[in-house]
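The values are calculated or read from the model by the stated rules, or taken from the named source; none is laboratory data. Fair warning: this is a prediction, and the values are worked out from it, not measured in the lab. When we count neighbours, we look across all protein chains shown, and the Cβ atoms used for this are built from the backbone with ideal geometry, even at glycine. Just the protein is used for accessible areas: all its heavy atoms, side chains included, with ligands, DNA and RNA removed. Shrake-Rupley method; radii C 1.70, N 1.55, O 1.52, S 1.80 Å.
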Amino acid sequence: MLFHITIGIDNLDRAFAFYAHVLAPLNYVLKFHEPAQNWAGWKLPDADRPLFIITVPANGDAPSAGNCTMTAFLAKDRATVDAVHVAALAAGGQDEGTPGLRPQYHENYYGAYFRDLDGNKLCVACHEAA
């Protein structure tokens, strides 16, 4: 259904270090890292798509996080949700909701929320029972 998701960033080196740390517990692998083009992208190890891409805006304007815009990563289990949240905060991310059940979505929704270094809101969630 999705081909890629792109997140605007201000500084590729800084954002790359953040996302390399955050995406490791999800087992995402680096598809490309092209500093001359100011972008990098990751994928699941067994699929070419979808891609998660970070890039400096091509129009030269500053990146901005959209109001009510969020990218959510699917985790295989609750321990991975916890590990991603810890990795995000350790890499300088801002907590937007500690790991836990969110029964308002459904009884097994276990998620965590954080912002990256440029203010983009991200989620990691598992939908499996404990």
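A few notes on this one:
- Whether the range 42-85 is rounded, prolate or oblate, judged on the alpha carbon gyration tensor where a/c under 1.5 counts as rounded: oblate
- Split the accessible area of the chain by element, probe 1.4 Å, and carbon with sulfur accounts for 52%.
- Taking a straight Cα-Cα cut-off under 19 Å and skipping sequence neighbours fewer than 8 places away in the same chain, the lysines within cross-link reach of Lys76 are Lys43.
- Interchain or long-range residues, amide H under 5 Å from Ile7's placed H: Ile53, Ile54, Thr55
- In sequence order, the range 37-42 has phi-based couplings of 9, 6, 8, 8, x, 10 Hz under the Karplus curve 6.51 cos²θ - 1.76 cosθ + 1.60, θ = phi - 60°, and Gly or Pro positions carry x.
- Each Lys or Arg adds one and each Asp or Glu subtracts one; over the other residues with Cβ under 13 Å from the Cβ of Thr71, this totals -1.
- Once backbone amide H atoms are built at 1.01 Å from N, Glu96 has Tyr113, Phe114, Arg115 as its partners under 5 Å, excluding neighbours fewer than 5 places away on the same chain.
- Centroid-to-centroid, using Cα positions, the range 17-81 and the range 88-112 are 18 Å apart.
- Assigned charges on the beta-carbon of Lys, Arg, Asp, Glu; the range 9-106 dipole about Cα centre (debye): 260
- Helix axis angle, 78-90 relative to the chain longest principal axis, alpha carbon, degrees: 40
- Each residue of the range 45-61 was assigned a 3J(HN,Hα) from its phi angle through the Karplus expression (A = 6.51, B = -1.76, C = 1.60, θ = phi - 60°), giving x, 9, 8, 7, 9, x, 9, 10, 10, 10, 7, 6, x, 5, 7, x, 6 Hz with x at Gly and Pro.
- Value of relative contact order over the chain, rounded to a whole percent, pairs C-alpha under 8 Å and six or more apart: 26
- Accessible surface, the chain, averaged per residue in Å² (probe 1.4 Å): 55
- Size of electric dipole in the range 91-130: Cβ of Lys, Arg +1 and of Asp, Glu -1, about Cα centre, debye, nearest 20: 60
- The modelled label-to-label distance between Ala47 and Glu34, using points 7 Å beyond Cα along the C-beta direction, is 2.3 nm.
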